[in-house]
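A.B. asks: Mind having a look at this structure? Questions to follow.
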Amino acid sequence: MINTNPKRSDEPVWWGLFGAGGTWFAMITPVTILVLGIMVPMGMLDTETLSYDRVVGFVTSIIGALFTIGTLALPMWHAMHRLHHGMHDLKFHTGTAGKVACYATAFLVSALAVVFIIML
């Protein structure tokens with residue numbers, strides 16, 4: 001028998017943010033770590049390339065702001081969704097409180113990233 005009034009779920013929203021965060025973390029973060037964590041300290045890039053004025057100029061541009069927010073927020077949504085479902089898999093059934101705590105943490109980091117960009 002087909003249920004004509006199925007219950008609406010909020011899971012597609014969380015799975016979408018989970019997927020976006022995982023994709024960002026897998027494709028963009030390694031390049032960021034390579035450039036900022038390896039190439040600059042080893043002298044492969046000129047230190048003037050990442051001077052304070054140039055970095056602030058990049059971060060305050062629309063592309064730089066979106067990149068910075070994405071770098072901070074999307075992997076956090078991925079991690080909090082994984083933590084929420086991981087706790088369930090480990091038999092820590094926290095219910096709605098655990099779900100709210102996980103997603104509120106991700107939202108807080110996302111909001112702080114936006115505030116950080118606006119304050120520059």
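The values are calculated or read from the model by the stated rules, or taken from the named source; none is laboratory data. Keep in mind that this is a model prediction, so the values were computed, not measured. Cβ sites come from the backbone with ideal geometry, for glycine too, and all protein chains shown count toward neighbours. All accessible areas refer to the heavy atoms of the entire protein, side chains included, with ligands and DNA or RNA removed. Shrake-Rupley method; radii C 1.70, N 1.55, O 1.52, S 1.80 Å.
A.B. asks: Can you find, within the range 68-102, the residue that is surrounded by the fewest Cβ atoms within 10 Å (Cβ to Cβ) among those that are within 23 Å of Ala26 (Cβ to Cβ) and among the small types (Gly, Ala, Ser)?
C.D. replies: Gly86
A.B. asks: Can you pull out every residue in the range 85-108 that is under 20 Å from Ser9 (Cα atoms) and in contact (Cβ under 8 Å) with a residue 24 or more places away in the chain?
C.D. replies: Tyr103, Ala106
A.B. asks: Would you confirm, using the coordinates I've provided, whether Phe58 is open to solvent by less than 100 Å² (accessible area, probe 1.4 Å), over 15 Å from His78 (Cβ atoms) and within 22 Å of the chain's Cα centre (by Cα)?
C.D. replies: Yes.
A.B. asks: Among the residues of the range 103-120, count how many are open to solvent by 80 Å² or more (accessible area, probe 1.4 Å) and either of a type outside the set (Phe, Trp, Tyr) or touching a His at 6+ places or on another chain (Cβ under 6 Å) (or both).
C.D. replies: 5
A.B. asks: Restricting the range 7-25 to residues that are in a helix (DSSP H, G or I) and either open to solvent by 70 Å² or more (accessible area, probe 1.4 Å) or among the basic types (Lys, Arg) (or both), which is nearest to Pro75 (Cα to Cα)?
C.D. replies: In this case the residue turns out to be Phe25.
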